[in-house]
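Visitor: Below is a structure I'd like to ask you about.
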């Protein structure tokens, strides 16, 4: 069970519903905060959101395997295996096999997160009559999911299959696609 809010405020705390945010701000953060504030104030909507989180989106999350740290841990393990040097050919072969094994585990976890993101987008769309997200937000999320699929494919080709990735296919920045 998630603790949504503490009903007893401490001295010096301000109720979220009383905070005023500048609606004319061109920055994204105040708009996000206004959305979160709306979720906090509208108890019915908040109850629906937390019900959706608990039942469909993130039921029984294991703190060791249910967050981005889990993915980063696999990535670090794969990277650390890659940096090990061996002087004996047999040891180098074992190290190479460990590198491939670590990257395969990392890619499996990345695919699981990608599948979870796909299912979450579908659940949000199904739970809301208006589609849940506006078209721009949905296309941005789908764009990042496409980047993830491409990175998974390139990592599998480069590390596991030993292929050389052509320069034209390489991505140097997800946020600035024009970067070479």
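The values are calculated or read from the model by the stated rules, or taken from the named source; none is laboratory data. Since this is a predicted model, take the numbers as computed values, not measurements. So basically every Cβ, Gly included, is an ideal-geometry build from the backbone, and we count neighbours across all protein chains shown.
Visitor: Anything in region 81-99 that is more than 30 Å from the chain's Cα centre (by Cα) and not in a helix (DSSP H, G or I)? List them, or say none. Full working, then the answer.
Guide: Looking only at region 81-99, we keep the residues that are more than 30 Å from the chain's Cα centre (by Cα), and these are 85-94.
If the condition is that a residue be more than 30 Å from the chain's Cα centre (by Cα) and not in a helix (DSSP H, G or I), then 85, 86, 87, 88 are the ones that fit.
The rows are residues; the columns are (1) at pLDDT 80 or above; (2) assigned to a helix (DSSP H, G or I); (3) over 19 Å from the mean Cα position of the chain (by Cα).
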site: 24; (1), (2), (3): yes, no, yes
site: 30; (1), (2), (3): yes, yes, yes
site: 39; (1), (2), (3): yes, yes, yes
site: 44; (1), (2), (3): yes, yes, yes
site: 56; (1), (2), (3): no, yes, no
site: 61; (1), (2), (3): no, no, no
site: 70; (1), (2), (3): no, yes, no
site: 73; (1), (2), (3): yes, yes, no
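Visitor: Can you tell me which of 119, 110, 129, 136 is under 30 Å from residue 55 (Cβ atoms), modelled with pLDDT of 80 or more, exposed (fewer than 13 other Cβ atoms within 10 Å of the Cβ) and not assigned by TED's automatic domain parsing to the domain that holds residue 49?
Guide: On the way: 110 fails: exposed (fewer than 13 other Cβ atoms within 10 Å of the Cβ); 129 fails: modelled with pLDDT of 80 or more; 136 fails: modelled with pLDDT of 80 or more.
When all the criteria are applied, what remains is 119.
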